[in-house]
1. Determine whether GLU65 is modelled with pLDDT of 85 or more and within 30 Å of ARG166 (Cα to Cα).
2. Within the stretch 85-98, count every residue that is part of a helix (DSSP H, G or I) and either of a type in the set (S, T, N, Q) or within 29 Å of the chain's Cα centre (by Cα) (or both).
3. Conditions first: (1) surrounded by 10 or more Cβ atoms within 10 Å (Cβ to Cβ); (2) at pLDDT 75 or above. LYS334 passes all but one, so which condition is the exception?
4. Residue check: is THR181 at pLDDT 90 or above, assigned to a helix (DSSP H, G or I) and either in contact with a helix residue (DSSP H, G or I) (Cβ under 6 Å, 6 or more places away or on another chain) or not aromatic (Phe, Trp, Tyr) (or both)?
5. Report, by residue number, each residue of the stretch 187-204 that is surrounded by 13 or more Cβ atoms within 10 Å (Cβ to Cβ) and within 12 Å of VAL272 (Cα to Cα).
Amino acid sequence: MNCTEGHPIPVGKQQCPEGHDAQQPSIQVQTTAHLTEIQQLISLIQSQNLIQQQQMDRMTRMEAENQTLRDALLQSQVKPRTKRHERPIIEVDSSDNTWEVFLDSWKIYKRMSNISDQNISIIRDELRSACSKEVNQLLFNLVGQASLESANETTLLGYIKSVAVRCMHTEVHRHHFFKMTQTEGETITHFVARLRSQALLCQFSVAATIPCPCPTPEHCPRQCPATSPISYMDEMISSQMVSGLQNAEHQNRILAEAASLTTFKAKFDMLVSLEMTDKATPLLSHHQNSLVTPSSSAATKSEYKRQKRLKNDEKGKETPSKCRGCGKGCPTRKSCPANGQKCRGCKRIGHFQSVCEQSGKSQANAAPVEPTDTASLSSASFLFAQESSQEPAF
């Protein structure tokens with residue numbers, strides 16, 4: 001800005017160094033200058049807003065990338081936890097069958113829990129935890145802590161069985177097996193399952209000598225055993241299954257077809273089929289009885305209507321009831337001629353003596369009793385006649 005003489009005026013001063021006042025610009029020049037300043041300010045604000053928006057978008061992208069990295073890091077560090085299988089428990093005074101079930105459950109527990117056979121210390125701890133409080137107490141007292149801490153899996157299972165299982169002789173198990181029968185309402189599948197669980201304790205097997213198939217048995221690379229057990233458990237189960245059946249018809253059917261049913265599986269499948277047939281037959285019979293054809297239904301309705309009309313016709317033909325006052329068919333009580341009249345028999349008002357019920361009872365009670373030939377009557381008839389003759393009149 002210049003003064004009136006054309007000298008420049010320093011910024012923030014109203015006069016030039018010479019003392020001249022500032023030159024007053026025209027109104028148009030001032031307006032133009034203000035508009036220019038406003039436009040510059042608007043441009044500056046818009047540019048600043050654009051920069052802020054760009055920074056916010058960049059921060060949002062960085063936050064999303066950081067969250068993705070955090071999720072990936074957590075997934076790589078944290079392993080999914082699988083539900084651990086329930087550990088089996090062995091109690092005191094368990095049977096041989098319960099012990100076999102415990103051994104099977106223990107193998108399943110080891111596989112599902114990823115317990116390695118090489119980690120003997122974990123196996124010992126898991127087996128001790130699978131024992132009840134009483135079994136652990138017996139192990140500690142009878143075996144001792146030192147032996148328990150140094151035993152392997154097989155030895156420790158033997159210790160547990162010695163204190164927890166109530167062992168019985170094989171002949172006792174076989175005696176129980178041959179006494180087993182199918183209970184009332186028990187399915188053949190459940191019965192065979194009970195037979196098989198008991199047969200596992202009976203040791204239905206024999207030792208047989210099997211020749212080695214190798215060309216030079218003395219140098220057998222597979223080291224084939226000289227003797228091996230041969231099981232006949234299925235034959236015993238098949239025999240007891242048939243003899244212990246609850247249904248005599250099924251038993252007769254199996255015995256009649258014994259020539260064709262040569263295996264245990266064939267007999268079992270036959271019994272399952274017969275059992276399913278017995279269950280399905282009553283359902284089919286009930287369904288057939290519940291079926292009604294349209295013609296039979298219409299005939300039933302027509303017969304019902306005909307019987308109903310006959311009953312209504314018979315009711316219409318019946319004679320009207322007699323009046324209790326005069327003995328005639330009076331439509332109402334007021335129209336009865338006995339209304340207000342006094343009975344000569346019972347002295348009550350409202351009916352004649354000809355229809356008086358009390359007078360009829362008195363006459364019946366006062367009637368003489370005919371003589372009875374007691375010789376021709378039995379003792380009971382004679383007593384009944386005597387009591388009737390002595391009954392007081394009302």
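The values are calculated or read from the model by the stated rules, or taken from the named source; none is laboratory data. Keep in mind that this is a model prediction, so the values were computed, not measured. Glycine gets a Cβ as well: all are built from the backbone with ideal geometry, and neighbour counts include every protein chain shown.
1. For GLU65, the condition - modelled with pLDDT of 85 or more and within 30 Å of ARG166 (Cα to Cα) - is not met.
2. At the first step, the residues of the stretch 85-98 found to be part of a helix (DSSP H, G or I) are 96-98.
Now restrict to residues that are either of a type in the set (S, T, N, Q) or within 29 Å of the chain's Cα centre (by Cα) (or both): 97-98.
The total comes to 2.
3. (1)
4. No, not satisfied.
5. Across the stretch 187-204, the qualifying residues are THR187, ILE188, PHE191, VAL192.
One line per residue, one yes/no per condition, for (1) more than 30 Å from GLU100 (Cα to Cα); (2) modelled with pLDDT of 85 or more; (3) of a type in the set (Phe, Trp, Tyr); (4) in the same structural domain as ASP104 (by TED's automatic domain parsing):
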site: HIS190; (1), (2), (3), (4): no, yes, no, no
site: ALA207; (1), (2), (3), (4): no, no, no, no
site: HIS219; (1), (2), (3), (4): yes, no, no, no
site: ILE237; (1), (2), (3), (4): no, yes, no, no
site: GLN246; (1), (2), (3), (4): no, yes, no, no
site: GLU249; (1), (2), (3), (4): yes, yes, no, no
site: ILE254; (1), (2), (3), (4): yes, yes, no, no
site: GLU257; (1), (2), (3), (4): yes, yes, no, no
